[in-house]
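Peer 1: The structure that follows is given in the form of structure tokens.
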Amino acid sequence: MVDICVINGALYQWDTGRKVRITPHRGLKIDFVHYSNGKAVKVVDYGNSVIAPIPNILLQTAQNFTVYAVIVSDDGTRTVCDCTFPVRAKQKPDDYVYTETEVMTWGSHESRIEAQES
């Protein structure tokens with residue numbers, strides 16, 4: 001079991017710098033988070049939970065997106081939990097500046113895994 005929540009309340013269109021908190025149970029260690037738009041991000045470990053940034057591009061439209069908590073083990077990579085969050089519509093602020101969140105691809109994760117195995 002894993003709990004996924006958005007930090008600091010509801011998500012609104014044009015938000016930036018938002019994050020999710022993932023709290024695993026039963027000794028699971030979340031290695032990264034994958035989003036429904038194909039982006040994957042590194043997590044920062046805070047002991048009992050991990051924090052992951054939400055890619056800003058997901059907050060440019062008032063549509064739901066899904067967060068997948070992923071672990072990597074000797075048996076492979078697997079999703080242990082997912083959660084869908086709504087993005088509420090609002091007018092674009094005049095001072096909005098798009099900045100990309102650091103993202104990783106599946107290929108970069110596969111390369112990391114292969115490097116650890118050798």
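The values are calculated or read from the model by the stated rules, or taken from the named source; none is laboratory data. Since we're looking at a predicted model, the values are computed, not measured. With ideal geometry, Cβ positions are generated from the backbone for all residues, glycine too; neighbour counts draw on all protein chains shown. For accessibility, only protein heavy atoms count, side chains too; no ligands or nucleic acids. Shrake-Rupley method; radii C 1.70, N 1.55, O 1.52, S 1.80 Å.
Peer 1: Every residue in the stretch 64-98 that is in contact with a strand residue (DSSP E or B) (Cβ under 9 Å, 6 or more places away or on another chain), assigned to a loop (DSSP other than H, G, I, E, B) and open to solvent by 90 Å² or more (accessible area, probe 1.4 Å), please.
Peer 2: Within the stretch 64-98, Asn64 is the sole residue that qualifies.
Peer 1: For the stretch 1-38, enumerate the residues that are closer than 27 Å to Lys90 by Cα and β-branched (Val, Ile, Thr).
Peer 2: Within the stretch 1-38, Ile4, Val6, Ile7, Thr16, Val20, Ile22, Val33 qualify.
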